[in-house]
Amino acid sequence: MEGPSSRSSHTQDRPPCPPGRRASCDGAESDHARDTKTHFRVCRFIMETGVKLEMRSVPVATACVLYHHFFERVSIRSYEPYLVAMSCLYLAGKVEEQHLRTRDIINVSHRYFNSGSAPLECDKEFWDVRDSVVQCELLILRQLNFQVSFEHPHKYLLHYLPSVKSLVNRHAWSRAPVAETSWALLRDCYHGAMCIRHTPQHIAIATLYLALNSYGVELPVGEKEWWQVLCEDVTKADIDAVISDLLQLYDMEAKCI
Amino acid sequence: MEELSRWVREAGRFIRRCCCGEEEENEEEKGRREEEEEEEEVKMEELSFRKSRSSTSLPPAESDAYQFSSSPSGSQPHWFQTLQVRRFRVQRGRSNSDPLRGNSQPDEFTWKSGLRFGTENSYLSLEKLGEGAYASVYKGISRINGQLVALKVIRMKTEEGVPFTAIREASLLKGLKHANVVLLHDIIHTRESLTLVFEYVQTDLAQYLTQHPGGLHSHNVRIFMFQLLRGLCYIHSRRILHRDLKPQNLLISYLGELKLADFGLARSKSIPSQTFSSEVVTLWYRPPDVLLGSTDYSTALDMWGAGCVFVEMLQGAPAFPGVSDVFEQLQKIWTVVGVPSENSWPGVSQLPNYKPDWFLHSEPKQLRSVWKRLNQLPYKTEDLVQRMLTVRPADRISALDSLKHPYFSTLPPPIMHLRDTVSIFRVPGVVLETEVRDICNPGRKVRPSLLPAAKCW
């Protein structure tokens, strides 16, 4: 198992790396840009693993938020990001009451890094990885001061969608998959730290706004903009900020592949 | 004893060495991890040491040990002397749980400025109070400010890491500061255990009820109920459900302050109700909608539990006791409130456990005919019980509304406008009455404060 391995892997002489992790290092780019890319890839790993483990959207989102909060506090060079990601998945399962087994997380991750290979034997390497995941969970809890319950935009989006639907022409709504698109945009937000920089309400409004605009769905014009009706404190600038962050993420996706 | 104090001094020196080392190498990232482990090992050693002492009778041993300590300073309570490890210079970067951070009452006298929150040796455990499924609870004392504390030591299983109940309890309680919610002072973590440090509260409602059988003084019931609802109102406004209300989880201080505790099953609730796991809440205090298999419960869940506690305080016996299975429990409830139908509760027939043929027919009864104590009290008492024990969750009274119920109108009005952290006993005229049993037995008049607290959770 190459990516997340036991503690010994923190020494610098260790040969890297999961596929793609270093692939695009072209020296010229700044540390920051490189770190953002790494986080992007690790978040993709979290989401893919989450789907394979049949986790619901909110636990996966919690795992990503845990991950971003953790690396907000520590340098990515101090800790193996994929190990942290595995522990985040594990911890998110506990926080959101969708319990996962470490065994499953390790097997799925192992397959992610070594596609086609057999699962790890129950040998020392396996136990080491498991101990690392469990230890890292405690480390995350400490770094985050045990503040691990988060509010997510998902419920706000679910709340806003029917309201917007009732304002839109029925035929226009049926032609454009606004709900699916905004939900997908919302999930994509978690690739970057934007999910912890904006309030859940603002993210929900912005993804809905972007989805509506992308399909050219028009809402009746009234005294107030529709988003002001749904969420009192949101401004156009807030929405633009979220959308700009989101577009940067999509831009990064192109670079990461 | 001499050996003991020497051991402690040795340990202190050892720790100091380790910690200073940590300071020097602080910048080196590579070594950081290993060091952390080393240091934790030290702390663990200390913990096991502490535990082994705490099982024996501690205070006399401590005062003996005092005589061997070389530098007593007058203001310090004697039994801390020997355990002082002088670590003033050591800055611990990882004290990640300082509940009084910043606004710690600066005027308050602190006993030892070198000790910090979040560290193992800032607390001394005195006696074991109880043993739970995943934790042991010790009575302890804070060496930082001399306060009594309750130490909930959570064992960590190597396979599963930190128990999820502990994570939930810690993450939710960290954000809660209210006179009627138990205060989480600190969190200490080592590699093998996690200790939650709570304020120490003398007893709990279950014990209080045992000490005063046959129902409590109606005035005291009102005071306890007000505090219970005030606490619930607070956590519900923070979108947190307790989910496990029962007398054992309601702590009572010697003054009569009631505090919600044990948030292991609590969780944040979201606005559009979401499905939660349905295996929560002790059966006796579980509302009919949850017993019927509903999973989109919300704050009304806790209100039913509070209603059951209300009746239990009045009657001296649980409201719906003594059954082990969901259907028996439902039957107990139906015999009082009647079997619900689509007319009285639209949607009830959709719930998974709703099987009308299984339920014996019963009509709603007057609560005062079921619980005799209600007969002796003004009508408004029964009215409030009625509103809390309403079968349909949407019709059940909320915590906020219940505080405004006429039942509480006899309490002094300022009680309604207290700040969150102020106890209701600050309001002039709010005092606990002596319980009847204490009047009957003046010879052995016991105040709850003087009773040995076998269990404080």
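Filter region B:164-192 down to the residues that are more than 8 Å from chain A (Cβ to nearest Cβ), more than 17 Å from the chain's Cα centre (by Cα) and open to solvent by 10 Å² or more (accessible area, probe 1.4 Å) and list them by number. Matches in region B:164-192: B:GLU192 only.
Among the residues of region B:280-315, the ones that are more than 20 Å from B:PHE359 (Cβ to Cβ), under 22 Å from the mean Cα position of the chain (by Cα) and in a loop (DSSP other than H, G, I, E, B) come to 5 in all. Of all the criteria given as (1) open to solvent by 10 Å² or more (accessible area, probe 1.4 Å); (2) within 11 Å of chain B (Cβ to nearest Cβ); (3) touching a residue at least 60 places away in the same chain (Cβ under 8 Å); (4) in a helix (DSSP H, G or I), the one not satisfied by A:ILE140 is (1). Say we look at region B:151-163 and pick out the residues that are within 13 Å of chain A (Cβ to nearest Cβ) and of a type outside the set (Lys, Arg); which of these is nearest to B:LEU258 (Cα to Cα)? Here the residue is B:ILE154. Per the listing A:HIS154, A:HIS191, the residue uniquely open to solvent by less than 50 Å² (accessible area, probe 1.4 Å), within 26 Å of A:GLU253 (Cβ to Cβ) and away from every other protein chain (no Cβ under 14 Å) is A:HIS191.
Here region A:111-128 is the region considered, the condition is being among the polar types (S, T, N, Q) and within 20 Å of A:ILE46 (Cβ to Cβ), and the residue that is least open to solvent (accessible area, probe 1.4 Å) is A:ASN114.
Exactly one residue out of A:VAL168, A:VAL148, A:VAL95, A:VAL134 is away from chain B (no Cβ under 11 Å) and either closer than 21 Å to A:HIS68 by Cα or not acidic (Asp, Glu) (or both): that is A:VAL168.
Taking A:SER78, is it part of a loop (DSSP other than H, G, I, E, B), of a type in the set (Ser, Thr, Tyr) and in contact with an Asp or Glu (Cβ under 7 Å, 6 or more places away or on another chain)? If you could, list the steps in order and put the result at the bottom.
Numbers: part of a loop (DSSP other than H, G, I, E, B): yes; of a type in the set (Ser, Thr, Tyr): yes; in contact with an Asp or Glu (Cβ under 7 Å, 6 or more places away or on another chain): yes.
So A:SER78 fits the description; yes.
Is it the case that some residue within region B:294-301 is among the charged types (D, E, K, R), modelled with pLDDT of 85 or more and either under 29 Å from B:VAL197 (Cα atoms) or open to solvent by 20 Å² or more (accessible area, probe 1.4 Å) (or both)? Spell out the reasoning first.
Looking only at region B:294-301, we keep the residues that are among the charged types (D, E, K, R), and these are B:296.
Imposing the further condition that a residue be modelled with pLDDT of 85 or more reduces the set to none.
No, region B:294-301 has no match at all.
The number of residues in region B:194-221 being open to solvent by 10 Å² or more (accessible area, probe 1.4 Å) and either within 20 Å of the chain's Cα centre (by Cα) or within 14 Å of another protein chain (Cβ to nearest Cβ) (or both) comes to 8.
Quick grid of which residues meet (1) open to solvent by less than 70 Å² (accessible area, probe 1.4 Å); (2) at pLDDT 90 or above; (3) assigned to a helix (DSSP H, G or I):
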residue	(1), (2), (3)
B:PRO352	no, no, no
B:THR381	yes, yes, yes
B:LEU384	yes, yes, yes
B:ALA394	no, yes, yes
B:LEU400	no, yes, yes
B:ILE415	yes, yes, yes
B:THR421	no, yes, no
B:LEU432	yes, no, no
B:ARG437	no, no, yes
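Taking the stated definitions as given, is A:SER78 surrounded by fewer than 23 Cβ atoms within 10 Å (Cβ to Cβ), under 17 Å from A:GLN135 (Cβ atoms) and either touching a His at 6+ places or on another chain (Cβ under 8 Å) or not aromatic (Phe, Trp, Tyr) (or both)? The answer is yes for A:SER78.
Within region A:64-74, one or more residues are aliphatic (A, V, I, L, M), surrounded by fewer than 24 Cβ atoms within 10 Å (Cβ to Cβ) and within 12 Å of chain B (Cβ to nearest Cβ).
The values are calculated or read from the model by the stated rules, or taken from the named source; none is laboratory data. Everything numeric in this text was worked out from a predicted model, so none of it was measured. When we count neighbours, we look across all protein chains shown, and the Cβ atoms used for this are built from the backbone with ideal geometry, even at glycine. All accessible areas refer to the heavy atoms of the entire protein, side chains included, with ligands and DNA or RNA removed. Shrake-Rupley method; radii C 1.70, N 1.55, O 1.52, S 1.80 Å.
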